[in-house]
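Only the coordinates and a few stated rules stand behind these numbers; no lab work does. Keep in mind that what you see is a predicted model, and the values were worked out from it rather than measured. Heads up, the Cβs are rebuilt from the backbone with ideal geometry, glycines too, and the neighbour counts pull from every protein chain shown.
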Amino acid sequence: MDKDITEKFPNQEKRQKDFNCSIGFAMTVIGSKWRAIILWHILKANPIRYGQLKKSVPNISHKILSQELKNLELDGIIERKAYATIPPKVEYMPTDRGKSLENILSELCNWGKEYMDTF
């Protein structure tokens, strides 16, 4: 079930203590090497299965992908739905809080496209 967008994040007090600005707080949620990329693919292929996600982000290890998915789920950014089938089936989809990041990630993607080849 979707977490309310206004619901507190895990460790919110520590995150706010570590940063005096909102951009720092936001970066604790999406700022790891892989987290924004994973979320981008989940937003675009909603819902997406683990295997599809792994193919979409080929350079990430299974360990890191699993850790980042758990962190995104704990933060209420994505939802994990497991089906009782053989073989096991798991799908990931954005929550309302995750969907609220789509425009931000789109702009970040556009910026990257514009400047990627100039560096």
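Below, the figures for the structure above:
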read-out: Cα centre as origin, Lys/Arg/Asp/Glu Cβ charges: region 28-119 dipole, Debye; value: 440
read-out: Protection-proxy order for peptides 109-118, 70-79, each taking the mean of Cβ atoms within 10 Å per residue, highest first; value: 70-79, 109-118
read-out: Top positive-direction residue, dipole computed over region 33-118 with Cβ charges, set HIS41, SER106, TYR92; value: TYR92
read-out: Net charge over other residues, Cβ less than 12 angstrom from the Cβ of GLY51 (K, R count +1; D, E count -1); value: +3
read-out: Counted charge near GLU102, where neighbours are those whose Cβ lies closer than 14 Å (Asp, Glu -1; Lys, Arg +1); value: +1
read-out: Environment charge at ILE60 (Cβ cut-off 13 Å; Lys +1, Arg +1, Asp -1, Glu -1); value: +4
read-out: Virtual paramagnetic centre 7 Å along Cα→Cβ of ILE23, amide N under 20 Å, in region 95-114; value: 101-114
